[in-house]
Every structure is written in structure tokens, then in C-alpha cells.
Amino acid sequence: MRLVTGQGYWSPLVWLALAAGVAFFGWLFWRLGRRTYKAGTDQDAPFLSGEAAPERAHVGGQHLYWGFLQGLRPTLEALRVFHSGFLGDYVTWTVVVVAVALLVVMLT
Amino acid sequence: MIGNLPFVVCMILIGLGLWTLLSRRNLIKLAIGITLIECGVNLFLVTLGYVERGVAPIYTYTQPGVTMVLPTPQALTLTSIVIGMATTALMLAFAVVIYRHRGTLDARKIRELKG
Amino acid sequence: MNIGIHLPILAIAVPLLGAFALPIFAKVHKRLRDMWAAAVGAFTCAMVIALAIQVLSTGVVVYTLGAASPTQAVTQGGFPIRIVLTVDGMSAFMGLISALVGLASLIYAFQFLKEDQGKTLAMTLFFLLWAGMLGMEYTGDMFNFFVFLEVTSIAACALIGYRTWESRPAEAAFKTMALYTLGGLLVLLAVAILYGQYGALNIAYLSSRIRGSQLDKIALGLLLGGLLMKAGAVPAHMWAPDAYGEAPAQAAMVLVANTQASLYGLWRVLFTLFGGALAAPAVGWLVVSLGTLTLLVAVLMAILQRDLGRLIAYGAVSQIGYMLLGVGVGLVALASRPDFGLVAMQGGIFHMLNDAATVGLLMLAAGVVRRATGTKDLTALGGLGHDLKWTGGFFFLGALALAGVPPFNGFASKLLIYESSFRLSPLLTAIGVLGSILLLAVFARAFQGVFLGPRLRAAQSPPVGMLVAMGLLAAVILAMGLAPGFFVEHLVTPAARALWEGRDLYLAAVLGG
């Protein structure tokens, strides 16, 4: 089952055994904690800056990583413009790839 | 020199087709551009199979000593023409469907799928 | 008749015949059509597997069409004039990928497609596409390769756009068709140039003659461009998210396998056809740089997506980058043949199998979501995990495997790619790892957005057949994850060796001596 990778090896079974060991110790630590959680009380409610959370609140898929995306905004906007959806651009970039391939092959 | 003329024509056809694809916006014209490239490539294939004073490779009718033509390029061209017809028909069919839904054939306005 | 000799042609002919006979059976009765489709699918898979066993145990299998004896590829005078099918380790491996994806797609399609929405048509086109893919993988003839390439192009685009009652599929289909045809014509032009020089179309014969003249180089450039476009390498990838996103789920996963058949064509051209004349590593560096560009750009675009189909599509494109990276490293190292070259090739080729299974699983799960809710918009979805427990679980498994989280299969193949590309340049490994991390982020977002959260709406769980199809892929993923050594040793290494050092064997099998 071992996969030799040239400089070492990868064995999922060994990894799983180690992961099980780590999980076991994690479980031990968890058992040492306080037992004040009660299901069905206010402790179940989501915390939203101290305000009352609206019913059925769900952070939709597009809102995750908002800050990360904001930081990368210029790059991502450029990429979005690059994928213009215009068929002429698709063809242009294909021709560019062919030209680059031809250049690389011819010049060597 | 004159023998190379068909090859020059092929390259001109392929170049024209590419230029059509890059500069035109009408979907029908884009299909025409692709057909032009196809014609250029087909012409190239047929030209490759040309042998001066060659005859058709039918053993029953030829005198001994004449050059016979290998029929492969013709067969390739025929196959390629059939494939080209299928792709062109399919593309035009999609153009019709697009026109029915959007009422336009301008490729710059048909970009619902982007980003 | 000894069926064992005729396996290569039967594996192509049976789905082809099955495709054209399917509408006739559908006219008689729908159940008859389903039984016919199941029989053709099972028979094709059985033959592909039997052929793979034959190739892996006895070496390259050669089948000559129209000859008195199928093994007699060369006519008198040492010239192969007939169409030859040549199946070596790599072809057999690709055939197995196509068989796996095709089988899962077929099982899924029975209950996913609706009768009044072109079920017969979609199944017919699927069998055509399947036959074309197998043909591309098994053929030993350049023109025949072009013909099968166009068969897959036509079938694939018809599959993308057959739902004419919606406007978006037609748009995606037109764009894809235009680019596929352009790429196919570039390939045909290159084939014509090679034919003009050497008067032959057989890959083995051409390979033994090619010395690297200027015309050879033009042909190589055209083949590279056309096949890279069809494989979906950035920046010629833009058709891919449109096509994958708009095609119905069972077709989208076959489209992914189809891009891998194009990648196979690229490997075949680079390693077998031009192997001897390709001393310079510049082409390898081109493939490597396009690979890194592909995996970065596609994964960044995936973060931006709001449509679940397009998000998975960009994820699938980014995986093409890893394959290009792995095999490209092997190509750079081909001249000096260090150890890490073969490891890189193993990684890249193993990743093709992993990608086919995991992306297929994700697309099938997205199809279930679309069927249950009628939308793929991430802003509108949420909380589906309450009702679609199995589907959510499969999506989670696929996402982890695709992002390369141990102990799943994506990690095994990516580890091989990282460790070997590190020897070439640590920068490549860094970009690869970055791409994987971003990919995990993308799929964490997709899973959270679609399956977690409070129940926003009730969703009907999918029929058993669709779950079986996803379960098949999930079982393959788990098996490959837990026993990567077995798969790499028995399937991937023969395929990698066939490209890495098998050129002489390939030539000898066809030309003799």
C-alpha cells in the first residue's frame, strides 16, 4: 500500500493510524473540559454582535472570504474582465496560444 | 513557381478565415470564417496528393509504366469535407437557437456566460 | 471467432453501433431502449477492461483494420498503409478512465434525464462521445485521431446545447463548437503537413521518420496549440467553464474525460510522435508554465463564481494545470532522464484518473442539487444537507479529494507532482501548493453555502440510481485514496513508462523488429 515518491513514501494507513491517535488525545482533552452546555437553551442561538439573530440566518456561499476577496480586488477584477464572454476574445487567446507554441518550437 | 500557387492560395484562405474570426462579430460570419479555414486545409490536402501526369490507381485500365496517384489524400479530404459539413450545420443550428432566444446574432451582445 | 484479438476495434465499434441503434429501439419501447443502453454500456466496459488486462500482461496490442491478419500492420515493403489501432499502457489506462466515467454517467443518466427533455437524444450523443473518446485513445493513426477528435467535438457540443428551450446552453455550445472546430482544423493542418513530408499517417512510422525539420516543427506547434486549447489550458480555457457549467450533469463529467482524451493526444504527440526529435526542453518548459498559469488563474476565478456549476468547472480547469505541470516536468527531464522525471509523470498521469473520478462526483452532486432546487445559484442555495444527506456527503468527499487533503487520492497524486517538481524548481511546488490551498477554500465555500445552514427549503432526495452512480465514483476515490501504491504500481506506472521509455516498444510493435 506504500507509495514511493522518490524521496520518501506515503502510506495512508500509517497516516490514518497517526490521525486516530491524535483524535484520541483530543478526545481526552475534550473530556477534561467543563460540562455546562445544555441543548435547547439560549446557548444554541448564534451570536451576532450581541444583537438578536434573525430567524433562519444563513451566510450564503458568496459572502465567505469577503475580506480576502476585498484585498485581492484589483487582481480579481482584472481576471473577471479577462473572461469577457465575447467569442472574439476566446478565439484571439487561442490564436495567441498557437502563436506562442509555434514560436517556442521554431526558436529552439 | 506556378506549382506552389495552390499552397499560397491555401495559406491565404486560412489567413482570411482567421481574420474573419478575429474581426467579425456576427455569428453567421464566424461560421463562414471557420468554413474558410476548412476550405484552405482541404485544398492543402488535395494539393498534396497531386502528381504530375499521374493517373487514377485503377489497375484494370492503366498501361504499364505510368505513374499512379496514391488515393489517400482524396479520401482524407472527402472525410474532412463530411466532418466540416456536420460542424457547420451544428454551428448554424446553434446560431438559430441563439437568435430565437436573444433576437440578435451580435457576438458582443451574446455574453450571458462570462466571469 | 476469437474475440480476444478484436477487442480494440470492438471497444470503439460497439458504442458507435449502440449510439445509432438507440433511437430505433426507443421508437419501439422505452424499456427496450434502456435495456439496450445498459447492455451496450456493460459490454463496452467489459471489453475495455479485458483489453487493459491484455495490454498490461502481454505488452502493446496492435490491430490492423482490413488486413488478412489483425496483427499484420506492415504491408510488403515495410510500409503501414492501413489504419492501425495501437494500444499500449497509456492508451489502456486512458480507456479505463473513459470506461469508469462513462459507466457512472450512464447509470446516473437513467434516472436523471427526463423523457420529455430529450432523454433518447442525450443518451445517443453520450454513446457517440464515448466511442469517439475510446477511438482517440486507441488509434495509432494521425488522421484517424483527427476524425475521432471531431466525433467527440460534434457529440460534445450537441450534448452541451441540445436543451434548445433554454438560451444559455446554446450560447455555450456555439462558443465551444467554434473553438473545437478551430482546434480540430489546426490538428488537421499539422497532419497534412506531416503527410506531405512522409507520405504516411501511421504514428509509429511517422515517428521513425521525423528528424525535426522546419516543417516538422510547424506541425508540432500547430498540434500543441490545437490540443492545448482542447484540453483547456489557460488562456485558451474560456470555453471550458461555459461548457461544463451549462451541460447537464451527466454530460459535463464526460466532457471532463473528453478533455483528458485530448491531453492524452498531446502526450502521445510529444512523447511518441516527436520523442526523438524533441531534444530541447523548451517545449517542456512551455507546458510547465502553461500548467502553473492554468492552476492559478482557474482557481482564482473559481473563488469569484456565484454559480455552482461554473465554480466546479473552474475547479476542473485548475486540475488540468496539475496534469500539465506533472507531465511537463517529465518532458523537461526527458533528455537527461533523472529519477524525478518518471515520478513527475506518474503524478501527472495518476492525477488524470483522480480528477476524472472526483470532478465527476462533484458534478453529479451539483446535478442533484439542480434537480432538487431548480437552481445552481450560490446566493439562493443553503441548508440542503438536512434533506440531501448522501449527496452532501459525496460532495464533501469529492471536495476534499480534489483539494488534495490526506488521506484521499488527490493528495497522493499531488504529492508525487510536488516532490518531483521541487527538484526542477521549488517555485513550481510553491505555486502548486498555493493552488491547492485556494481550491480547498473554494470548495469549503461551496459546501458551506449549499449544504450547511438552516433548512431554507425542502428538497427531494434523489432516486437510487443516481446515488448508485455517485457511490461508484466515491468507492473508487476511497479505494485510490487508501491504496495509492496498488493503483500506481499496476496502472499508472505502466502508463507512465509507456510514454517515458516505451517509444521503441511502440515503434517495434507496429513496424516489427
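The values are calculated or read from the model by the stated rules, or taken from the named source; none is laboratory data. None of these values were measured; they are calculated from a predicted model. Here Cβ is always computed from backbone atoms with ideal geometry, including for glycine, and neighbour counts include all displayed protein chains. Side chains included, ligands, DNA and RNA excluded: accessible areas come from the protein's heavy atoms. Shrake-Rupley method; radii C 1.70, N 1.55, O 1.52, S 1.80 Å.
For segment C:132-153, residues that are free of Cβ contacts under 8 Å to residues at least 24 places away in the same chain and facing chain B (nearest Cβ under 7 Å) total 1.
So residue C:95 fits all but one of (1) within 19 Å of residue C:271 (Cβ to Cβ); (2) open to solvent by 50 Å² or more (accessible area, probe 1.4 Å); (3) not aliphatic (A, V, I, L, M); what number is the exception? Here residue C:95 meets the rest and fails (2). Being surrounded by fewer than 16 Cβ atoms within 10 Å (Cβ to Cβ) and within 9 Å of chain C (Cβ to nearest Cβ) holds for only one residue in B:48, B:70, B:30, and it is B:70.
Within segment C:391-401, how many residues are surrounded by fewer than 21 Cβ atoms within 10 Å (Cβ to Cβ) and either within 22 Å of the chain's Cα centre (by Cα) or not hydrophobic (A, V, I, L, M, F, W, C) (or both)?
The initial filter retains those residues of segment C:391-401 that are surrounded by fewer than 21 Cβ atoms within 10 Å (Cβ to Cβ), namely C:392-393, C:396.
Now narrow it down to the ones that are either within 22 Å of the chain's Cα centre (by Cα) or not hydrophobic (A, V, I, L, M, F, W, C) (or both): C:392-393.
Residues meeting the conditions: 2.
Tell me whether segment C:208-223 contains one or more residues that are open to solvent by less than 20 Å² (accessible area, probe 1.4 Å), within 12 Å of chain A (Cβ to nearest Cβ) and under 18 Å from the mean Cα position of the chain (by Cα). Yes - at least one qualifying residue is present in segment C:208-223.
Listed here are the residues, each with its yes/no results for (1) assigned to a helix (DSSP H, G or I); (2) within 29 Å of the chain's Cα centre (by Cα).
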| residue | (1), (2) |
| --- | --- |
| A:30 | yes, yes |
| A:38 | no, no |
| A:58 | no, yes |
| A:69 | yes, yes |
| A:74 | yes, yes |
| A:77 | yes, yes |
| A:84 | no, yes |
| A:95 | yes, no |
| A:103 | yes, no |
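Give me the residue from segment C:162-176 that is more than 7 Å from chain B (Cβ to nearest Cβ) and part of a helix (DSSP H, G or I) and, out of that set, surrounded by the most Cβ atoms within 10 Å (Cβ to Cβ). So, considering only residues that are more than 7 Å from chain B (Cβ to nearest Cβ) and part of a helix (DSSP H, G or I), the one surrounded by the most Cβ atoms within 10 Å (Cβ to Cβ) is C:175. Within segment C:300-331, track down each residue that is aliphatic (A, V, I, L, M), buried (at least 24 other Cβ atoms within 10 Å of the Cβ) and farther than 15 Å from residue C:231 by Cα. Matches in segment C:300-331: C:301, C:302, C:308, C:311, C:312, C:329, C:331. Going through (1) open to solvent by 30 Å² or more (accessible area, probe 1.4 Å); (2) within 11 Å of another protein chain (Cβ to nearest Cβ) one by one, residue C:437 falls short only on (2).
Go through the residues of segment A:71-88 one by one and say whether even a single one is out of contact with any Phe, Trp or Tyr (no Cβ under 9 Å at 6 or more places or on another chain), open to solvent by 90 Å² or more (accessible area, probe 1.4 Å) and either hydroxyl-bearing (Ser, Thr, Tyr) or more than 30 Å from residue C:306 (Cβ to Cβ) (or both). Checked segment A:71-88: no residue is out of contact with any Phe, Trp or Tyr (no Cβ under 9 Å at 6 or more places or on another chain), open to solvent by 90 Å² or more (accessible area, probe 1.4 Å) and either hydroxyl-bearing (Ser, Thr, Tyr) or more than 30 Å from residue C:306 (Cβ to Cβ) (or both).
Within segment C:101-115, residues that are closer than 16 Å to residue C:476 by Cα have Cβ atoms under 8 Å from residues that are among the hydroxyl-bearing types (Ser, Thr, Tyr) and crowded, with 23+ Cβ neighbours inside 10 Å in these pairs: C:102/C:44, counting only partners at least 6 apart in sequence or on another chain.
Contact map, segment C:227-245: first residue at pLDDT below 90, second residue in a helix (DSSP H, G or I), Cβ cut-off under 6 Å, separation 6 or more or different chains; pairs are C:234/C:293; C:234/C:294; C:234/C:297; C:235/A:93. Within segment C:335-390, which residues are open to solvent by less than 20 Å² (accessible area, probe 1.4 Å), over 18 Å from residue C:313 (Cα atoms) and either away from chain A (no Cβ under 14 Å) or in contact with a Phe, Trp or Tyr (Cβ under 6 Å, 6 or more places away or on another chain) (or both)? If the condition is that a residue be open to solvent by less than 20 Å² (accessible area, probe 1.4 Å), over 18 Å from residue C:313 (Cα atoms) and either away from chain A (no Cβ under 14 Å) or in contact with a Phe, Trp or Tyr (Cβ under 6 Å, 6 or more places away or on another chain) (or both), then C:345, C:384, C:388 are the ones that fit.
Could we say that residue C:150 is assigned to a helix (DSSP H, G or I), under 21 Å from residue C:127 (Cβ atoms) and within 24 Å of the chain's Cα centre (by Cα) here? Give the derivation first.
Numbers: assigned to a helix (DSSP H, G or I): yes; under 21 Å from residue C:127 (Cβ atoms): yes; within 24 Å of the chain's Cα centre (by Cα): yes.
Considered against the rule, which asks whether it is assigned to a helix (DSSP H, G or I), under 21 Å from residue C:127 (Cβ atoms) and within 24 Å of the chain's Cα centre (by Cα), residue C:150 comes out as yes.
In segment C:206-214, is there at least one residue being charged (D, E, K, R) and under 30 Å from residue C:466 (Cα atoms)? The answer is no, given that none of the residues of segment C:206-214 is charged (D, E, K, R) and under 30 Å from residue C:466 (Cα atoms). If I ask for residues that are assigned to a helix (DSSP H, G or I) and buried (at least 20 other Cβ atoms within 10 Å of the Cβ), which ones from segment C:448-465 would you list? Residues satisfying the conditions are C:449, C:450, C:451. Given (1) facing another protein chain (nearest Cβ under 9 Å); (2) in a loop (DSSP other than H, G, I, E, B); (3) over 21 Å from residue C:478 (Cα atoms); (4) open to solvent by less than 30 Å² (accessible area, probe 1.4 Å), where does residue C:407 come up short, assuming only one miss? Residue C:407 satisfies all of (1) facing another protein chain (nearest Cβ under 9 Å); (2) in a loop (DSSP other than H, G, I, E, B); (3) over 21 Å from residue C:478 (Cα atoms); (4) open to solvent by less than 30 Å² (accessible area, probe 1.4 Å) except (3). If I filter segment C:487-499 for residues that are in a helix (DSSP H, G or I), aromatic (Phe, Trp, Tyr) and under 21 Å from the mean Cα position of the chain (by Cα), do I get at least one hit? Looking through segment C:487-499, at least one residue is in a helix (DSSP H, G or I), aromatic (Phe, Trp, Tyr) and under 21 Å from the mean Cα position of the chain (by Cα).
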